Each structure stands twice: as C-alpha cells, then as structure tokens.
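What follows is a short report on a single structure.
The values are calculated or read from the model by the stated rules, or taken from the named source; none is laboratory data. It should be emphasised that the depicted structure is a prediction, and the values quoted were computed from it without experimental measurement. Every residue, glycine as well, gets a Cβ built from its backbone with ideal geometry; the counts of neighbours run over all protein chains shown. Calculation scope for accessible area: heavy atoms of the full protein, side chains included, ligands and nucleic acids excluded. Shrake-Rupley method; radii C 1.70, N 1.55, O 1.52, S 1.80 Å.
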Amino acid sequence: MLTLISPETRVPKDHPLRRIKVMADQELRRLSRVFDEMYSHTGRPSIPPERVLKSLILMALYSVRSERQFCEQLDYNLLFRWFLEMNMMQESFDPTVFTKNWERLMEHEVGRRFFDAVVGQARQEGLMSDDHFWRCGQSDGGFSWREAEQSDASIDDGSGESFDAERQRQGIETLLWGSLFDGKSQWPFGGHPDYPGYGHSGARSGRSDVGIRPRTLGADKGYDTKGFVSMLRSRKITPHVVQNTERRGGSAIDGWTTRHGGYGVSQRIRKRVEEIGGWIKVIGGFRRTRFKGELRTQLAGWFVGAAYNLLRMAKVLPQMEAG
C-alpha cells in the first residue's frame, strides 16, 4: 500500500514539544551568525548545527543515554524526526557527528550562549526576577556551573580561617560526578567514595556576567558559616541560609534575619530547587556524566539546563495565557 504522511500530522496539536520547538528555533536563529563562523564554506555539506543542538535537547528531555542510542531511535521515532525537521526519507546521521562537533561547540561557547538566550526569553515573559536566589549544594553530587571567584573563596571571617578552608572542614564540598578514567576529576570530599568529580561549588552569589544582583540568597545549612554569611552581607545581600544549630559556635544567622516573614517563605519553598536538581540527575541523565573532561561536561550541562527551562516555560506560559 502507498501512504502519504508527514511527521507533522502525527504530532498532537497540544503536545508540549510544539511550544518548546518554537522557543528553541527562535534562539537558534539568533545564533546563526555564530554557526556561520564555526563551519567552513567549502567541502562536503555537514549536518546543520541547529539539528545537532536540538538533538541534545531531545536527549535530555527523553532520557536518552547515549548518542548512539539517539541515532538508532531517530530511524523510527516520528516525534524526534518532526522536532529536527526531517522527513520520512532522510536517513539518521552517524553518532560520530556529535563527537566531531564538540570541539567547535566548546570553542565558540555555544552551550552558554544558548542557555543564556533561553534564560533571557524567560525574563522577557516575566517568569524571572532578581529578588531571590537559592544556592543548591549537595554532598552526593550537586551541580556547579562556574568556578568560584578567588576573592570569594579566600574571605577571612576573623577567626583565622578562610571561607574555603572552613567549608572543607565542614565537609560540604559540592561535586559534579565525572568519569572514572578522567585524570582531571577529583575524589569527592564528603561525597560518595566510589565516584570522582569535577571542581567545587565555591561561593557564587549570582552570575555577574549577566548583571544579576539578588537582594536575598537562600542556601542549605551547610552554608551557615561566618565566612559565607559575611560575604553576602558585604554585598548587601540578605542571607536566607538554613540555620545550623548543631555546629560549634552556633548559627551565623541571627534572629534579626529570621524574624522577617520573607525568611520563613524562603524556607518553605526551598524544596522546589531540590526538585530541579532531581530532574537534572534522573531525567536529564546527569546523575553521572558520560563525558570526559570539564569542558565537555560543562557543555552538556548547559543544554540539560536549557532543556529543563524550555520544558518549564512550555508548562507555565499556557497557564499564564489562560489566566
């Protein structure tokens, strides 16, 4: 039998990927000038970079564990083909396409550019504010996207110990699990002993390169140290840190801070940040990264984070429009 059908007709009109596709395509078009710089104008035609990047989004959204598995599913998954704007006759591309593009993507910081563009889109829609931020740190493999500034990590709280040393003494090193065969990965301090990871969380109170200046910042009780709290107050940021009443010397958060209603609200909603971390690990496939090296792991992290933001916006925006 002869059948005329396109992937477009098989995707429901209310499927959340439709809105995600529109938002992703909008930001990828804005990056077209960067893509022109990445690729040569001579030689064989390559897979469009937009298609490669949208593939990374699909892998995060649908928990595809490897590029090889994704290329296999692309042969028969109509939803994936529709998202990548491939017709029924086009063949799936080879997994080495991803490998050959990693260096270009890292060199031109495409992951960071795309992530920031998605965040900017959320800001334009009124889904973000700079009033309150939450610093998520977990000793069993939390995520840290930027290294700490040297000035932040060496603040002296007057007790003779730097902030970084005090954090290490408290055993709250925050790690991103890495490859067992990567020489740059480190053994975790306070985490699982069988898995090495990359770097530490440091004391970042906001992404300074995008002009974010929070008024309040929440953090787990592991950050209830004199150095961290003093650093926030010096930047005129109110610390909504969970009080650690069991630490020696008592909590660095005084009653003047906890008496305000905003502090109580911050403590009630802080679990929402943990839910995001859970999605990134379980759904996004970042419980243990499959990449070797900090730069590749960072690039994958940008796209997993962007995928979560796109999914969240696809759910929230229709509710706002209906309201």
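Taking into account only those residues within region 87-103 that are without any contact (Cβ under 8 Å) to a residue 40 or more places away in the chain and not in a helix (DSSP H, G or I), which is farthest from residue 51 (Cα to Cα)? Restricting to residues being without any contact (Cβ under 8 Å) to a residue 40 or more places away in the chain and not in a helix (DSSP H, G or I), the top hit is 89.
Just the residues that are in contact with a Pro (Cβ under 8 Å, 6 or more places away or on another chain) and either more than 18 Å from residue 278 (Cα to Cα) or crowded, with 23+ Cβ neighbours inside 10 Å (or both), please, taken from region 292-314.
First, pick out the residues of region 292-314 that are in contact with a Pro (Cβ under 8 Å, 6 or more places away or on another chain): 311, 314.
The answer is 314, and nothing else.
When region 78-93 is filtered for residues that are under 27 Å from the mean Cα position of the chain (by Cα) and at pLDDT 90 or above, the ones remaining, listed by number, are 79, 80, 81, 82, 83, 84, 85. Where helices (runs of 4 or more DSSP H) fall entirely within region 250-319, those with at least 3 residues that are in contact (Cβ under 8 Å) with a residue 24 or more places away in the chain are at 261-269, 271-282. For region 97-132, filtered to residues that are of a type in the set (Asp, Glu) and under 16 Å from the mean Cα position of the chain (by Cα), the residue that is surrounded by the fewest Cβ atoms within 10 Å (Cβ to Cβ) is 109. Residue count for region 224-249 satisfying the condition of being more than 18 Å from residue 270 (Cβ to Cβ), more than 28 Å from the chain's Cα centre (by Cα) and without any contact (Cβ under 8 Å) to a residue 40 or more places away in the chain: 3. Identify the residue in region 52-86 that is part of a loop (DSSP other than H, G, I, E, B) and charged (D, E, K, R) and, among all such residues, is most open to solvent (accessible area, probe 1.4 Å). Across region 52-86, the extreme among qualifying residues is 65.
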